[in-house]
1. Can you list the trypsin sites (Lys or Arg not before Pro) in region B:40-111 that are in a DSSP coil and have 16 or fewer other beta carbons within 10 angstrom?
2. Rolling a 1.4 angstrom probe over the protein heavy atoms, how many square angstrom per residue are accessible across chain B?
3. Near the amide H of B:Gly121, under 5 Å away, which other amide H atoms are found, from residues 5 or more places off or on another chain, if H is placed in the peptide plane?
4. 5 Å is the cut-off here: which amide hydrogens, built 1.01 Å from N in the peptide plane, fall below it relative to A:Ser178, excluding neighbours closer than 5 in sequence?
5. Using the Karplus curve 6.51 cos²θ - 1.76 cosθ + 1.60 with θ = phi - 60°, work out ³J(HN,Hα) for each residue of region A:99-113 in order, rounded to whole Hz, and write x for Gly and Pro.
6. Using the reciprocal of the averaged 1/r over all distinct C-alpha pairs, how large is the Kirkwood radius of region A:1-130 in Å?
7. For an R0 of 60 angstrom, estimate the FRET efficiency from the Cβ-Cβ distance between B:Lys11 and A:Asp112 and round to the nearest 0.05.
8. For A:Asn76 and A:Lys369, compute 0.36 nm times the residue count separating them, minus their Cα-Cα distance, and round to one decimal in nm.
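The values are calculated or read from the model by the stated rules, or taken from the named source; none is laboratory data. If you're wondering where the values come from, they're calculated on a predicted model, not measured in any experiment. Because the Cβ atoms are built from the backbone with ideal geometry, glycine has one as well, and the counts that use them run over all protein chains shown. Note: areas computed on protein heavy atoms with side chains; ligands, DNA, RNA excluded. Shrake-Rupley method; radii C 1.70, N 1.55, O 1.52, S 1.80 Å.
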Amino acid sequence: MDMNQYLSMFIDESNDHLQSLNENMLQLEGSPEDLGIVQVIFRSAHTLKGMAATMGFEDLASLTHKMENVLDLVRNEKLKMQDFIFDTLFKSLDALENMVQDITGGGEGKADVSSIVASLQAIESGEWTGGTAPVTEVNQSSSTVTPSAVELDEFQYSVLDQSIAEGHRVLYIEVLVSEQSQLKGVRAYMVFDMLERSGEIVKSFPTVQDIEQEKFERSFSLYYITTKEAQELEKGIMSISEIESAKVIQLDQETLQQMTNQAAATAEVEAAPVPAPVDAPPEPSSSSKEEPKKPVVTKTAAPKQAAAPSRTIRVDIERLDVLMNLFSELLIDRSRLEQLASETGNNDLSDTVAHLSRVSTDLQNIVLKLRMVPVDTVFNRFPRMIRDLAKTLDKKIDLVITGAETELDRTVIDEIGDPLVHLLRNAVDHGVESIAERVAAGKPELGTVNLRAFHSGNHVFIEIEDDGKGIYRDNLLRTAVKRGVVTEEQGAKMSDDEVNQLLFAPGFSTADKISDISGRGVGLDVVKSKITSLGGNVTIHSTPGKGTNFSVQLPLTLSIIAAMLVRLGSEKYAVPLSSIVETAIVQREQVRNIHGNKMITFRESLIPYLSLSEVFGVPDFNDADEQETEIVVIRKGERLAAVAVEEFIGQSEIVLKSMGTYLPAIEGISGATILGDGQVALILDPNAFIK
Amino acid sequence: MEEELKVIVFKLGSEEYGIEVDKVQTIERMMPITRVPKTFSFVKGVINLRGVVIPVIDLRGRFSLRETEYTDQTRIVIVGVDDMQVGFIVDSANDVIDIKRDAIDSPPEVVGGVKARYLRGVAKLEDARLLIMLNLNEVLNKSEVVQLESIEG
């Protein structure tokens, strides 16, 4: 069977499942006792495994299978979630994500995950040194509680400890008798008999007497000293009929101690006046020495509706593009029709064309809306990122997401992820203080980072606000002066917001040492230029000691922009309105030569003067022949330049089009658009004109 | 069994060229072309093909032949290779023929003229016509173009 046609579906769905796995894991980390979440996680993993297996991605399937095994133990309350398990599962998710990415890139989804698999297997079998012999198996029908780890008295413990020290093999064995077994006691006796032939049973639970009188549920466990191999014994036990499973674990001194600790905890539970075995399973022993840290609490302020039936269909983005193209054709025909109708003066025709115009306008809106995607698709990876970050930095951080349903154009969504990651990292690393600093400042230990998205007019705002230490003007200015970004005199005159904007200056970083988290050689200036290239803007507001707010303003869509159409001879070009400061007319004598560069005086400062006709080699126009030249003053950041054109045609909304893959990237041209008359006009990239 | 190949036939000067029909998306009459500055000299610009912006190459220029005025017969052959769409300006295009795969010989060693690497072979047709089969991947190969340009420049 040809799987290719299912591949994109597989990738989409895998990503969905991975996302939901990540989200639910984070939720579970907040409330590890909630088995409902475990169920959801388990089902997701199960589906993912099935899909991967069907598609023939063996590595993916086997890793999910291992995760599933662990999750299965958890949901059946045989295993308690704890830090190590969380970390391992998260690592597994990362590995799965990489595999799916590899598959997306045309790969086989292969990856070396042996260490993760080993960890998962260790958790599954209880061998993992964090010490988790499966938690109490509870059977409500009986009053007998069967703790898995056997409590040892001091003497027995020292015997075992000694034996290990002397190089003997000490095993912990757990046997489960088949449910159908009529003579459990006999089966148990057979096991004991077999074991006693090749070693010594130090302690069993329940006691031998109890077992002989069948006073036990299906399982029993024991400590055993022998010379035989664990596997051999396991095989031996399994060869006895009606034994469902036998788990043989070799112990070293460390694990022995952990197991006895755990057993002691179990015993305490048992000793409690009202035993509540289900609700109070033994504390995981490994972390009992230190309270398990929950570095991050993540919640989404607007709770998601629980698994509402899907009301959407997946559409290939390329098909949408085709629809858009066809639609723009229709619009061109529409304007042609409108023109014809007005020329002929036929009333019926005019009415029909007017109606057609209205319908097509509505259609246009809908077609554009099809490209809108909730920012959730970007935001959803942040809780996990913040969790990991907080853990690394040893901070406590609460990420509060609001407005995740706010919609943005697909093209913007694709681009905005990286800048946001950068800003969030910045907030966590530089913004929120360490726990000690927070306490000293009288703040709660738990820092808050707000991630908000909302619509406002024709823009979408995304804000990242932390309640950290904020920006201190003096520190920032000092660094800026030191790095040569501004002079002291300049700095003194700047407003607080202007000072804050210095953070975006190229080559600026307030961190004294480059950290692993946010100092990856790129500064906030990269964030700024990325956002600017999307037609957006970013501003900072900060209150020292209270926190910092980065506000990112983005256009609703990138595929339609407002532009100024200009003409040079027979050629038309579109200049994005967002980068135009103003338009003006200059006289030839105003253009001056300064060290070989043409400059003009604009608002009391000298700015470069660029001849577009020269740069592009326009055949039928040259501004050098003109006495008076129209100029467009464009801006890149703080810098300006004047671009000479022949004539302004006017402002227009244009649809951005790609020029295809054949043409090389052309400096100064960012794309093309189709004008109302069906002609192609090139779109200027003003950034390229200012160096 | 002899395999047949459907081929679009077009002319550059007196010579006839062929491209497999499945590589050709459509054949258009000449239409307004928007010049794209600072690109290869044989790239005439971009056209609007039903809402899609497509670069157009003058095939004469690509093969370093003398470029001529466009006439009523001039056509733009839109080809698609992988994800790339490109229009070829040719002198005329008005034939689709079936040729037998084994009628295509490997390209002869030529001195000058169209570089042999652009050719996939030469098909001998029944009425003694010779049809030059294009190797589209080579024609659209940009890395080689860049080299060429830099030598010239």
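1. B:Arg50, B:Arg66
2. Heavy-atom accessible area per residue stands at 52 Å².
3. B:Met133
4. A:Ile243, A:Glu244
5. Result, rounded to whole Hz: 5, 4, 5, 4, 5, 4, x, x, x, 9, x, 8, 7, 8, 10.
6. In region A:1-130 this quantity evaluates to 14.7 Å.
7. 0.55
8. 100.9 nm
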